[in-house]
1. So for region 156-245, taking the charge dipole from beta-carbon charges (+1 Lys/Arg, -1 Asp/Glu), which of VAL241, SER160, THR177 sits furthest toward the positive end?
2. Given the Cα-Cα distance of LEU20 and TYR170 and 0.36 nm per residue of separation, how much length would full extension add, in nm?
3. Among the trypsin sites (Lys or Arg not before Pro) within region 163-198, which fall in a DSSP loop and have no more than 14 other Cβ atoms within 10 Å of their own Cβ?
4. Extension gain LEU180-VAL86, at 0.36 nm per residue separation less the Cα-Cα distance, in nm?
5. Please go through region 153-230 and write out the chymotrypsin sites (Phe, Trp or Tyr not before Pro) that DSSP classes as loop and that have at most 16 other C-beta atoms within 10 Å.
6. Ratio to report: Rg/Rh of the chain, with Cα atoms as the point set and Rh obtained by the Kirkwood method; give two decimals.
7. For ALA158 and LEU47, FRET efficiency with R0 = 30 Å and r from the beta-carbon atoms, rounded to 0.05?
8. Just to compare against my own numbers: the Cα pair-distance distribution for region 49-163, 10 Å bins, whole % per bin, please.
Amino acid sequence: MPLQAQGGGSTGLRVARPALELGYSRESLTNNNQDWTSSYLLGSAGLGDRLTAYGGLRETRRFGLDDSEAHAGLYFPITATWSGVVEGSFSQTYNVLPKNSVYGQLQKSLAGGWNIGLGLRQSEYATISSNVLTLLAERYWGNFRGAYTLYSGRPEGASSASSHRFQVNYYYTDRSTVGLSYSTGREVENVGPPRGVISTDVENWTLGGQHWLSPSWALTYDAVRHEQGSLYRRQGVRLGVRHSF
């Protein structure tokens, strides 16, 4: 989870100045499920031209189970038009979160503000593993960014599931942005005991962004409405405070 809108990928990782973000989220679930909560600390530092290291810690409570997780990653240039991301995470508790995960992505910059990317995440849970392949196409024009991402996931020993995410962002200053995303399809998700990691139908709407109050301080936010098939609907907000040094 780099210092950017939630979701990952290389977009937004070109961070020249060190930054820290502290945040909290809370989501309510239907069908007599307990609320989800999460608190996190993120950090990033530019190490050179187009070279950025990032990492973070988070504590979550989902389905009445507590988890902690640490992650770290590196965004790096390969050539003038190719870049890469490598990231890993680890949890000592892994009640709902993965025990560990590894992510890699390659991205190519094209003419006309276009970028394309290919990524793969491998996650190990308490009793099963899963792989998720991502294909990204995005374009920047004027003060806007549009993106489409295809996710193809497969839990160990099960059939694959695909979902689609559509995003649009408006940059009303150089660093402040607001965006809307919509996801639909089937996704690999740990839905808690007793079902564990399964593929389910999903539909997700997320409104989010970041607003810089000064050159050093910003607010980040998300408002989420997520349908996990017939299992539950969850909705809530995330708020964060970011400081750039």
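1. VAL241
2. Numbers: separation 150, 0.36 × 150 = 54.00 nm, distance 2.33 nm.
Stretched out fully, the LEU20 to TYR170 stretch lengthens by 51.7 nm.
3. Numbers: sites: ARG165, ARG175, ARG186, ARG195; in loops: ARG175, ARG195.
Here the sparse-neighbourhood loop sites are ARG175, ARG195.
4. The span from LEU180 to VAL86 would gain 31.2 nm if fully extended.
5. On the way: sites: PHE166, TYR170, TYR171, TYR172, TYR182, TRP205, TRP212, TRP217, TYR221; in loops: TYR172.
Counting only loop positions with at most 16 other Cβ atoms within 10 Å, the chymotrypsin sites (Phe, Trp or Tyr not before Pro) in region 153-230 are TYR172.
6. 0.94
7. Numbers: r = 40 Å, r/R0 = 1.32.
Here the calculated transfer efficiency is 0.15.
8. 13, 33, 35, 16, 3
Values in this text are rule-based calculations from the coordinates and carry no lab data. Everything numeric in this text was worked out from a predicted model, so none of it was measured. Because the Cβ atoms are built from the backbone with ideal geometry, glycine has one as well, and the counts that use them run over all protein chains shown.
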